[in-house]
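*Asks:* The structure under discussion is supplied below as C-alpha cells; questions concerning it will follow.
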Amino acid sequence: MRDIDLLVVGEINPDVVVTDPDPVPVFGQAERLVEGIRLTIGSSSAITACGAARLGLRVAMVGVVGDDALGRFTLDALASRGVDVSACRVAAGRPTGVSVVLGNGRDRAILTAPGTIPDTRASDVPAGLLARARHVHVGSFFLQPGLAADLPALFRAARDGGATTSLDPNWDPSGAWDGGFAAALGETDIVLPNEAEARRLAATDDVETAARVLAADGRTAVVKLGALGALAVSGGSLVRAAAREVDAVDTTGAGDSFDAGFLAARLDGRPVEDALAFAVACGSLSTRAAGGTDGQPIRDEVEGWLREGRA
Ligand SMILES: Nc1ncnc2c1ncn2[C@@H]1O[C@H](COP(=O)(O)OP(=O)(O)O)[C@@H](O)[C@H]1O
Ligand SMILES: [Mg+2]
C-alpha cells in the first residue's frame, strides 16, 4: 500500500533567526538590541518535508531530535504542517542540533551546533515505512556521515521496493566534497545541488558541464541558480527555467522548497521542463517570508505565479 508520496530521511533542527539591519555581535560583554529573534523550523530535510506537505503531498519524515525543548518544538512544528513524524526518534541525553542565523536581508552568517544532526542512520527507517513510500528524499548529505555511509544500501532498498530516490547534497563544511558521495549518487534518481555545490561535486567550473557529469547513468541532475532560476539535465537534454523577480525577504530554505516543488511535480507525472518551472516558482515564493517554511506556497499560488509569468 503506497500511502506516502514522500518519505524524507534526514536532519530535523530549528533555526534561531536574528533579523536586524546590522545583526553583528560585539564582544567585550556588550549587549546590542536587535529588531527580532525568532525560532523557526530549520534544516534542509525538514524544510523540504514541510514544503511538500504544503503542496498537498502525503509526507512522512524519519530523523532524530534530542529530548529537549528544541526537539519538541521542531517535531510539533512539522506535525502542525501535516508531516507525519511518528517514526522520528527522540534520543535521550543528546541535544537537538540548532543553527543561529544572523541575517540583514541581503546576507547571512550561520553558527550551527550539530547535536543530533549526525545521529540519523538507515536503521532508523522502519522497513514497513519504506515500503509505503513512492519516493525517498535525503537532504544535507555532508552533515550526516553515518546516514551518508548507509545511503547506497537504503536507496537500493527503496528502489528495489519500487520507489524513486533523490538527494540534496547541500554544502560540505569539511571542504572535502567526498564522504562516499559517488556511491550514494549511484543509487540516486534525482540529484539537487545548487550551483556552488554542483561545481565542487563535479570538479568543474562550468555549471552546465557539472550538471552533465552529475546526470551520468541516466540520472536527472537539477542545479539551482538562485535569482537566475535553475537548470536540469535529464535524458541527455538540458533545460533551463528562469526565476521571476521577487521581493526576497529571506532566502533561507529556498533550495529546499525548490526540491519539494520539483519532487511534487515529478510525482504528478509532469515532464522535467514543467517540473523545473514549478520548482523555481516554489523556491522564489518561499523567499516572501522570513524563515524556511512560512513563505512556502500551496499549489494554487504556484499555478497563479506561473500564469502571471506567462501573461
Ligand atoms: N533572489 C531570488 N529571486 C528569485 N528566486 C530565487 C531567489 N533566490 C532563490 N530563488 C529561488 O530558489 C531556488 C533555490 O535557490 P538557491 O539559492 O539557488 O538554492 P539553495 O538555497 O540550495 O542555495 C532558485 O532556483 C530560485 O527558484
Ligand atoms: Mg541548498
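*Asks:* Residues of segment 256-281 being within 13 Å of ligand 2 (Cβ to nearest atom), among the hydrophobic types (A, V, I, L, M, F, W, C) and in contact (Cβ under 8 Å) with a residue 60 or more places away in the chain, which ones?
*Replies:* F258, A260, F262
*Asks:* Look through P152, P173, P145 and report the one residue that is within 16 Å of ligand 1 (Cβ to nearest atom) and over 18 Å from I47 (Cα atoms). Outline the logic, then answer.
*Replies:* Working: P152 fails: within 16 Å of ligand 1 (Cβ to nearest atom); P145 fails: within 16 Å of ligand 1 (Cβ to nearest atom).
Checking each option against the conditions leaves just P173.
*Asks:* Using the structure shown, decide if R134 is of a type in the set (K, R), more than 16 Å from ligand 1 (Cβ to nearest atom) and outside any strand (DSSP E or B). Walk me through it before giving the result.
*Replies:* Numbers: of a type in the set (K, R): yes; more than 16 Å from ligand 1 (Cβ to nearest atom): yes; outside any strand (DSSP E or B): no.
Against the criterion (of a type in the set (K, R), more than 16 Å from ligand 1 (Cβ to nearest atom) and outside any strand (DSSP E or B)), R134 does not qualify.
*Asks:* Tell me yes or no: at least one residue of segment 121-128 is within 16 Å of ligand 2 (Cβ to nearest atom), free of Cβ contacts under 8 Å to residues at least 12 places away in the same chain and either within 24 Å of G255 (Cβ to Cβ) or exposed (fewer than 14 other Cβ atoms within 10 Å of the Cβ) (or both). Reasoning before the result, please.
*Replies:* Of segment 121-128, the ones within 16 Å of ligand 2 (Cβ to nearest atom) are none.
No, every residue in segment 121-128 fails to be within 16 Å of ligand 2 (Cβ to nearest atom), free of Cβ contacts under 8 Å to residues at least 12 places away in the same chain and either within 24 Å of G255 (Cβ to Cβ) or exposed (fewer than 14 other Cβ atoms within 10 Å of the Cβ) (or both).
*Asks:* Taking only segment 297-311 into account, find how many residues are without any contact (Cβ under 8 Å) to a residue 40 or more places away in the chain and part of a loop (DSSP other than H, G, I, E, B).
*Replies:* 1
*Asks:* Could you list, in sequence order, the residues of segment 175-203 that are within 23 Å of A254 (Cα to Cα) and in a loop (DSSP other than H, G, I, E, B)?
*Replies:* G175, W177, T188, D189, L192, P193
*Asks:* Another one. Among the listed residues D247, D294, which satisfies the condition of being in contact with a strand residue (DSSP E or B) (Cβ under 8 Å, 6 or more places away or on another chain), more than 14 Å from ligand 2 (Cβ to nearest atom) and part of a loop (DSSP other than H, G, I, E, B)?
*Replies:* On the way: D247 fails: in contact with a strand residue (DSSP E or B) (Cβ under 8 Å, 6 or more places away or on another chain).
Only one candidate qualifies: D294.
*Asks:* R106 passes all but one of (1) crowded, with 17+ Cβ neighbours inside 10 Å; (2) at pLDDT below 95; which number fails?
*Replies:* (1)
*Asks:* Could you list, in sequence order, the residues of segment 200-222 that are among the β-branched types (V, I, T), farther than 12 Å from I190 by Cβ and touching a residue at least 24 places away in the same chain (Cβ under 8 Å)?
*Replies:* Filtering segment 200-222 for residues among the β-branched types (V, I, T) gives 204, 207, 209, 213, 220, 222.
Remaining after also requiring farther than 12 Å from I190 by Cβ: 204, 207, 209, 213.
Selection gives V207 alone.
*Asks:* Quick one: which of A230, A210 is in contact with a Gly (Cβ under 8 Å, 6 or more places away or on another chain) and within 15 Å of ligand 1 (Cβ to nearest atom)?
*Replies:* Details: A210 fails: in contact with a Gly (Cβ under 8 Å, 6 or more places away or on another chain).
That would be A230, the only listed residue that is in contact with a Gly (Cβ under 8 Å, 6 or more places away or on another chain) and within 15 Å of ligand 1 (Cβ to nearest atom).
*Asks:* I want to confirm something. Restricting to segment 145-192 and keeping residues that are in contact with a strand residue (DSSP E or B) (Cβ under 6 Å, 6 or more places away or on another chain) and within 16 Å of ligand 2 (Cβ to nearest atom), which single residue is nearest to R132 (Cα to Cα)?
*Replies:* Per the stated criteria, the residue is S166.
The values are calculated or read from the model by the stated rules, or taken from the named source; none is laboratory data. Predicted model, so just to flag it, every value in this text is computed and none were measured. Please note: Cβ atoms are built from the backbone with ideal geometry, for glycine as well, and neighbour counts cover all protein chains shown.
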